[in-house]
Amino acid sequence: MPDAFTTHVLTVPSGSREAVVDLTRDCESFLREAAAGRDGLLNVFVPHATAGVAVIETGAGSDDDLLAALHTLLPADDRWQHRHGSPGHGRDHVLPAFVAPHATLPVVGGRLELGTWQSVCLVDTNRDNPERKVRLSFLAGS
């Protein structure tokens, strides 16, 4: 019998530009083994001060729209108190207040229960950190 709690850390190359990286297949792959057909919860956590997790539609422009909206809300300019790194990097440290660094999602019968167009995504506006860690944790129901 698989454990009630299983965790795995992904290494995700996010590159040197702002990115929305679809993690859905990685989540599904993890759950095939970790959930083993059981119900429970998947927690997706980014242990970084400048990245977040979003559940959004991808591939139809919504990922680019999200980055555009973040540019409007959090411009990459010199207004930020936090000023090390590339220009506007202070806004990257504010990002997790708008795009949380975690998401908890239902798992039914070992499968991630997302809506038809929903994907689990890493949102990374920090151009100074081209690689991210993402922790996937499955907690089985009782």
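So here's what we get for this one:
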quantity: Total residues in segment 77-97, condition free of Cβ contacts under 8 Å to residues at least 24 places away in the same chain, touching a Gly at 6+ places or on another chain (Cβ under 8 Å) and either open to solvent by less than 80 Å² (accessible area, probe 1.4 Å) or aromatic (Phe, Trp, Tyr) (or both); calculated: 3
quantity: ALA69 being of a type in the set (A, V, I, L, M) and touching a residue at least 60 places away in the same chain (Cβ under 8 Å); calculated: no
quantity: Flag if THR58 is over 19 Å from GLN118 (Cα atoms), open to solvent by less than 50 Å² (accessible area, probe 1.4 Å), of a type in the set (Ser, Thr, Tyr) and in contact with a Ser or Thr (Cβ under 8 Å, 6 or more places away or on another chain); calculated: no
quantity: Contacts under 8 angstrom Cβ, first residue in segment 1-29 being farther than 30 Å from ALA69 by Cβ, partner open to solvent by less than 30 Å² (accessible area, probe 1.4 Å) and of a type outside the set (Gly, Ala, Ser), 6 or more apart; calculated: PHE5/PHE138; THR6/PHE138; THR7/LEU136; THR7/PHE138; HIS8/PHE30; HIS8/LEU136
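The values are calculated or read from the model by the stated rules, or taken from the named source; none is laboratory data. If you're wondering where the values come from, they're calculated on a predicted model, not measured in any experiment. Every residue, glycine as well, gets a Cβ built from its backbone with ideal geometry; the counts of neighbours run over all protein chains shown. Heavy atoms of the whole protein, side chains included, go into the accessibility calculation; ligands, DNA and RNA do not. Shrake-Rupley method; radii C 1.70, N 1.55, O 1.52, S 1.80 Å.
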